[in-house]
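Undergrad: This is the structure I have questions about; it appears just below.
Any read-out appearing in this document is the output of simple, stated calculations on the displayed coordinates, not a laboratory observation. Since the model is a prediction, treat every value here as computed from it, not as a measurement. Don't worry about glycine lacking a Cβ; one is built from the backbone with ideal geometry, like all the others, and counts go over all protein chains shown.
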Amino acid sequence: MPKIQISPVAFNENIKLKSVIERFLKSGMRARADLVIIDDGSTDDTTAVIASYREFGVRTVKHPQRRGVGAAIRTAIRHAQQNNCEVLVIMAGNDKDSPDEITLLVEPILNDGFDLVQGSRYLGHDRTGGDMPFYRRLATRLHPWLMTAITGKLITDSTNGFRAMRLALFQDARINLDQEWLNAYELEPYILFKAFTLGYKVREVPVTKIYPPRKLGYTKMKPIVGWWSILKPLFYLGLGIRK
């Protein structure tokens, strides 16, 4: 059976991460994959929450200080490579994604030869729920429109962090993850852009995205700085400023 690593990325998510772990342990993927949480330097009780599930096989890699979601995903990729995994699934550590939908991302890689499977809340019809801000809805529609225009590849939800990747993708020297400018939100659209433009097989599959009540905090992203961070790769790569 191919080795699969599931990696939620978390920074100060002690309440919502507990739900992520428990939902995963009840899902059908528990017997098929390793849960390795990337703790991006949390300063609350997140680290202790993860440790309390060690007896259930939940593992973690913790950054000594916060480095950014891109750096956390890079850590997940390197850990999966070191443990000879074939597939890596990235998901939210704030309980927006459903562990029961992981199979939708993994099966096209294992059975149909795809290299990257992107979850989409907008494919077919809108599958968002909960307390999603209006400005966020507009932004998540704009980004895929720009990605499609620049790459020539149709995509409906390029900012959704729920995705699966074949680890062999990162053996391609043209995909350089070890660039400092990819430490924040840039790494995710960078990988998708590279997969498209280098001719890898990419598929979207429909998934849900449920936003928690606003009082619990629905995002760590700052509106202006954060959105420039995810737009930056489109302009840098599209104009040939970065590789």
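Undergrad: Set the Förster radius R0 to 41 Å, insert the Cβ-Cβ distance between Ile241 and Glu55 as r into 1/(1 + (r/R0)^6), and round the FRET efficiency to 0.05. Can you show the working numbers first?
TA: Values: r = 48 Å, r/R0 = 1.18.
With a Förster radius of 41 Å, E is 0.25.
Undergrad: Please compare each pair in Lys194/Lys232; Lys153/Lys209; Lys62/Lys96; Lys3/Lys96; Lys16/Lys62 to a cut-off of 19 Å on the Cα-Cα distance and tell me which ones are over it.
TA: On the way: Lys194/Lys232 14 Å; Lys153/Lys209 23 Å; Lys62/Lys96 21 Å; Lys3/Lys96 24 Å; Lys16/Lys62 17 Å.
Flagged as over cut-off: Lys153/Lys209; Lys62/Lys96; Lys3/Lys96.
Undergrad: Just report the Cα centroid separation between the range 138-184 and the range 22-58, whole Å.
TA: 26 Å
Undergrad: Right, something else. Suppose we keep just the DSSP beta bridges with both residues in the chain; what percent of those would be antiparallel, to 5? Kindly include the intermediate steps, with their values, before the conclusion.
TA: On the way: 7 of 29 bridges.
About 25 percent, rounded to the nearest 5.
Undergrad: Arrange Asp100, Asp157, Asp44 by Cβ neighbour counts within 10 Å, fewest through most, would you?
TA: Values: Asp100 15, Asp157 24, Asp44 12.
Result, fewest neighbours first: Asp44, Asp100, Asp157.
Undergrad: Order by neighbour count: Ile241, Ile175, Ile230, fewest other Cβ atoms within 10 Å first, most last. Mind showing how you got there, number by number?
TA: Numbers: Ile241 9, Ile175 16, Ile230 21.
Result, fewest neighbours first: Ile241, Ile175, Ile230.
Undergrad: Just to be sure I understand the model, the point goes 7 Å from the Cα along the line to the Cβ. What's the resulting Glu86 to Thr197 distance in nm?
TA: A separation of 3.1 nm, rounded to one decimal place.
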